[in-house]
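Structure record follows, encoded as structure tokens.
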Amino acid sequence: MKLLMIAFKNLKRRKLRSLFTIGGVAIAVAVLVSLLGFSAGYKKALTNDIDKMGYQVLVTAKGCPYEAATLMLKGGGGLRYMEQDVYNGIVSDERIDKATPQLIHTVYDPDRLDGRGGFALYVGIMKSHLELKPWTKFKSGKWFTKDDADEVIMGFEAAELEQRSVGDKIFIPGIEKILTVVGIFERTGTQDDGVIFLPLKSAQQLFDLKDKISGIGIKLKNIEELGQFEEDMYEVPGTQVISMAQVKGTFLNLVSSAKVLVTSVAIIAVFVAAIGVVNTILMSVFERTQEIGVMKAIGASKLDIFRLIWMETILVCTLGGIAGNIGALLGGSIVERVVKGLLPYAPEGQIVLITPTALLTSLIGAIILGLVAGIYPAYRASSMRPIEAIRSGE
Amino acid sequence: MVKVIEASGVKKHYQRGPETVRALDGVDFGISSGEMAAIVGPSGSGKTTLMNLISCLDSPTSGMLEIAGQDVTGFSESQLIEIRRKNIGFIFQRPHLIPTLTARENVELPFIFSKQKMNGDVISQKLDVVGLRGRNHIQVRMLSGGDMQRVAIARALVLNPKVLIADEPTARFSTRVRIGMTELFRQLVRSGLAVFIATHDLDLAGSCDRMIHLQDGVIVPKEMSSLYA
Ligand SMILES: Nc1ncnc2c1ncn2[C@@H]1O[C@H](COP(=O)(O)OP(=O)(O)O)[C@@H](O)[C@H]1O
Ligand SMILES: [Mg+2]
């Protein structure tokens with residue numbers, strides 16, 4: 001039999017009280033696990049959501065920011081142009097996940113809108129366009145055969161308006177060239193639905209805009225770097241940066257408020273658990289005043305008593321930690337549902353991601369809690385003087 | 001016969017507010033191995049104080065105290081623990097066992113605290129001596145009061161002390177238990193142990209080799225003891 005066994009048997013003495021204390025630690029640990037899991041899962045889910053939104057930054061030629069912003073929101077771009085070198089220069093930036101250049105051009109078509117006339121929107125793109133607008137799907141056909149092919153892919157509405165399907169020919173007014181429709185996109189619900197897409201190179205040749213682009217859509221690896229990236233982009237001459245301020249602001253707000261929530265709740269939970277543990281152990285120390293006195297009288301040193309009480313505390317916390325881990329694993333889906341209900345914006349997918357790291361961190365946290373919470377009661381017990389302790393009950 | 005405890009001029013004064021309580025006021029006495037001595041006296045005469053001093057649970061205000069030939073006055077706490085572990089077995093008015101443990105586990109405690117290698121045979125033998133053979137693994141809270149006190153005696157004996165110090169060990173028990181315990185003490189003395197008992201129990205005191213009368217912190221002749229007044 002060892003000191004640990006004695007400590008364990010002491011806990012069994014007041015089963016209910018021990019269970020409550022262990023339960024308190026377990027709840028704190030379960031909260032901690034869930035919160036750590038939430039911290040990880042929420043960011044991941046938000047990042048996923050943001051991934052689905054495609055690009056977050058648009059670098060355009062300098063111009064009226066409002067005009068440019070409006071055009072961007074409509075899925076277009078300014079009608080000012082910048083050199084394609086800018087694109088070549090920034091794609092190598094470490095922070096960029098994906099970037100795609102585009103050239104926007106409008107052509108007046110007198111036959112449009114049943115003869116009333118209107119602008120048709122032509123956009124030169126590269127294949128990376130599909131990655132930055134991941135919601136874009138082919139309804140029929142496929143991508144251009146060559147970088148400079150005389151081919152177009154039509155947005156859903158453009159195809160309906162012009163009554164074209166894959167294989168048909170199309171004629172751009174004012175430009176003596178016949179192009180082939182190789183694909184039609186599905187409806188996206190954005191301005192892209194009315195656009196006729198060409199390969200970037202073809203657009204540059206046809207519209208006589210060699211080496212020019214209108215803008216670059218950019219998606220960063222880590223959205224949290226958006227602020228810094230934006231600032232750096234302002235240094236590039238002749239350009240302006242339009243970011244999805246909304247996206248950025250929302251994301252950062254969500255993540256930081258989640259962090260505040262997580263930290264404060266965790267601190268409170270741990271604090272409450274710590275008070276509970278100290279209280280229980282102190283109580284059991286005082287109840288056992290005589291017993292501790294006798295142990296000293298039969299040869300226990302201060303250190304022996306300190307270790308015994310310390311062990312009891314660590315045991316309570318470790319058991320609580322294990323129970324809390326199990327609880328978090330079992331109750332994860334409930335927490336998920338509750339948290340989703342509480343959040344102002346709940347991203348899709350799992351937002352409480354219980355990782356082995358979260359489990360281990362919390363268990364170690366519980367043990368550290370025991371180490372710390374045990375010091376005072378253990379000190380009180382070890383400094384009891386045997387005769388006074390024994391006399392206290394005679 | 002080897003002197004196990006030798007005390008001379010031992011005083012213990014407590015300060016209670018402005019008043020000095022002379023709990024012990026110059027006591028000389030000794031006890032040798034194989035001897036059973038009783039200390040008797042009215043309540044408040046200083047018996048417990050003396051027991052605590054000679055069992056090194058407390059230090060005297062002045063005077064000299066030798067345990068197994070070693071002068072322990074001025075010893076540090078850890079030195080006193082060592083002296084206690086080696087030489088002294090202590091039993092109290094109440095058994096003071098750890099209720100969550102079995103009889104055997106309670107007897108193991110001094111081994112655990114003294115960091116000695118646990119000797120199972122010694123533990124069994126001590127439990128046999130006190131008459132608990134076959135009840136080693138019983139939870140102590142299931143035992144009768146008298147049997148609990150026997151477990152406490154086994155616990156006091158397990159490190160083979162030179163002297164067993166007992167402060168009113170029978171005060172709380174029935175006559176039958178007292179008689180049994182008196183026999184047990186005699187038996188232990190026959191095996192060479194020194195036994196020193198503070199008691200009100202005149203049967204127990206009467207079966208001792210020697211009776212020391214304490215009154216108001218000093219040893220008095222039998223005739224002067226108010227116990228017989
Ligand atoms: N810690 C203490 N502080 C003050 N007075 C004490 C203390 N311990 C004992 N006394 C006093 O010393 C005297 C002797 O007490 P004690 O040794 O317990 O006597 P007994 O065991 O013979 O009844 C009593 O008057 C008691 O009140
Ligand atoms: Mg007394």
> Along the positive direction of the dipole of the protein assembly as shown (beta-carbon charges: Lys, Arg +1; Asp, Glu -1; about the Cα centre), which of A:Leu369, A:Val260, A:Pro356 reaches farthest?
Replying inline: A:Leu369
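Work out the FRET efficiency for A:Trp135 and A:Leu16 from their Cβ-Cβ distance, taking R0 = 41 Å, and round it to the nearest 0.05.
Values: r = 57 Å, r/R0 = 1.40.
With R0 = 41 Å, the Cβ-Cβ based efficiency is 0.10.
Can you pull the mean other chain C-beta count within 10 Å for peptide B:109-121? Let's see the in-between values first.
Working: counts 9, 4, 2, 11, 10, 5, 3, 1, 0, 2, 0, 0, 0.
Per residue, the average neighbour count from other chains is 4.
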> Which pairs break 28 Å Cα to Cα here: B:Lys12/B:Lys126; A:Lys2/B:Lys12; A:Lys296/B:Lys222; B:Lys11/B:Lys222?
Replying inline: B:Lys12/B:Lys126; A:Lys2/B:Lys12; A:Lys296/B:Lys222
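Given N residues in segment A:169-211, what is Rg(Cα) / (2.2 N^0.38 Å)? Provide the component values of the computation, followed by the final result.
On the way: Rg = 11.9 Å, N = 43, 2.2 N^0.38 = 9.2 Å.
Compactness ratio reported: 1.29.
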>> Using the Cα centre of the protein assembly as shown as origin and beta-carbon charges of +1 (Lys, Arg) and -1 (Asp, Glu), tell me which of A:Thr280, A:Val182, A:Thr106 is placed farthest towards the positive end of the dipole.
In response: A:Thr280
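Peptides A:154-166, A:370-382: what's the order by average Cβ count within 10 Å, highest mean first? Write down the numbers at each step before the final one.
Working: A:154-166: 18.5, A:370-382: 20.2.
Peptide ranking by packing, descending: A:370-382, A:154-166.
In segment A:63-237, what % of DSSP beta bridges are antiparallel (nearest 5)?
Close to 75 percent.
May I ask you to compute the full-extension gain from A:Arg116 to A:Thr188, defined as 0.36 nm times their residue separation minus their alpha-carbon distance, rounded to one decimal in nm? Provide the component values of the computation, followed by the final result.
Working: separation 72, 0.36 × 72 = 25.92 nm, distance 2.63 nm.
Result for the pair: 23.3 nm of gain on full extension.
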>> Along the Cα→Cβ direction, 7 angstrom out, place labels at A:Val372 and A:Ser333. What is the inter-label distance in nm?
In response: 3.5 nm
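Mind ranking A:295-306, A:123-134, B:124-135 by how tightly packed they are, going by the mean number of other C-beta atoms within 10 angstrom, highest first?
On the way: A:295-306: 21.9, A:123-134: 19.5, B:124-135: 17.2.
In descending order of packing, they fall as A:295-306, A:123-134, B:124-135.
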> Rolling a 1.4 angstrom probe over the protein heavy atoms, how many square angstrom per residue are accessible across chain B?
Replying inline: 42 Å²
> Which stretch or stretches of segment B:114-147 have amide N atoms under 18 Å from the point lying 7 Å from B:Asp203's Cα along the Cα→Cβ direction?
Replying inline: B:145-147
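Ignoring ligands, DNA and RNA, what percent of the 1.4 Å accessible area of segment A:63-237 is carbon and sulfur?
50 percent
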> Rounded to the nearest 20 Debye, what is the dipole magnitude of segment A:251-324 about its Cα centre when Lys and Arg each give +1 and Asp and Glu each give -1 at the C-beta?
Replying inline: 160 debye
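From the helices alone, meaning DSSP H stretches of at least four residues, give me the mean residue ellipticity at 222 nm for chain A, per-run term -39500 (n - 2.57), in deg cm²/dmol to the nearest 500. Intermediate results must be reported in sequence, preceding the final value.
On the way: 15 runs with 221 residues, N = 394.
It comes out at -18500 deg cm²/dmol, rounded to the nearest 500.
Nothing charged except the Cβ atoms of Lys and Arg (+1) and of Asp and Glu (-1): what's the magnitude of the dipole of segment A:1-44 about its Cα centre? Round to the nearest 20 debye.
Values: 9 positive and 0 negative charges, 55 e Å.
The calculation lands at about 260 debye.
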>> Debye calculation, C-alpha points only, no solvent: report log10 I(q)/I(0) for chain B at q = 0.13, 0.18 Å⁻¹, in the same order as the q values.
In response: -0.76, -1.38
> In peptide B:89-102, what is the residue-averaged number of other protein chain Cβ atoms found within 10 Å of each Cβ?
Replying inline: 5
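Quantify, in whole percent, the carbon and sulfur part of the accessible surface of segment B:83-220 (1.4 Å probe; protein heavy atoms only).
Working: 2660 of 5450 Å².
That share works out to 49 percent.
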>> Please report, in whole Å³, the volume per residue of the convex hull around the C-alpha atoms of segment A:63-237.
In response: 122 Å³
> For segment A:63-237, what is the accessible area per residue in Å² when the probe is 1.4 Å?
Replying inline: 50 Å²
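Based on the mean of other beta carbon atoms within 10 Å per residue, what is the order of B:99-106, B:181-188, most packed first?
Details: B:99-106: 21.2, B:181-188: 18.1.
Output ranking for B:99-106, B:181-188: B:99-106, B:181-188.
If one takes the accessible area of chain B alone plus chain A alone and subtracts that of the pair, with a 1.4 Å probe, what total in Å², rounded to the nearest 100, results? Can you show the working numbers first?
Working: alone 10930 and 20160 Å², together 28650 Å².
Buried surface at the B/A interface: approximately 2400 Å².
Taking only the C-alpha atoms, wrap a convex hull around the protein assembly as shown and report its volume per residue in Å³ as a whole number. Intermediate values should be presented prior to the final figure.
Numbers: hull volume 144.3 nm³, N = 623.
Cα-based convex hull of the protein assembly as shown, divided per residue, equals 232 Å³.
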> Per-residue mean of other chain beta-carbon atoms within 10 angstrom of the beta-carbon, peptide B:63-76?
Replying inline: 0
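Largest first, how would B:His96, B:His137, B:His200 line up by accessible area (1.4 Å probe)? Walk me through the numbers before you get to the answer.
Details: B:His96 25, B:His137 140, B:His200 90 Å².
In descending accessible area the options line up as B:His137, B:His200, B:His96.
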> Kirkwood Rh over Cα pairs of segment B:63-138 into Stokes-Einstein at 37 °C, 0.692 mPa s: D in µm²/s?
Replying inline: 228 µm²/s
>> Taking the full set of protein chains and a 1.4 angstrom probe, give the accessible area of A:Leu32 in square angstrom, rounded to the nearest 10.
In response: 40 Å²
>> Placing unit charges on C-beta atoms (Lys and Arg positive, Asp and Glu negative, everything else neutral), compute the dipole magnitude of chain A about its Cα centre in debye, rounded to 20.
In response: 2760 debye
> Once both axes come from the Cα atoms, what is the angle between helix A:245-287 and the longest principal axis of chain A, in degrees from 0 to 90, rounded to 10?
Replying inline: 10 degrees
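The values are calculated or read from the model by the stated rules, or taken from the named source; none is laboratory data. These figures come from a predicted structure and were not determined experimentally. Quick reminder, even Gly has a Cβ in these numbers, built from the backbone with ideal geometry, and neighbours come from all protein chains shown. Please note that ligands, DNA and RNA were not included when accessible areas were found on the heavy atoms of the full protein model with its side chains. Shrake-Rupley method; radii C 1.70, N 1.55, O 1.52, S 1.80 Å.
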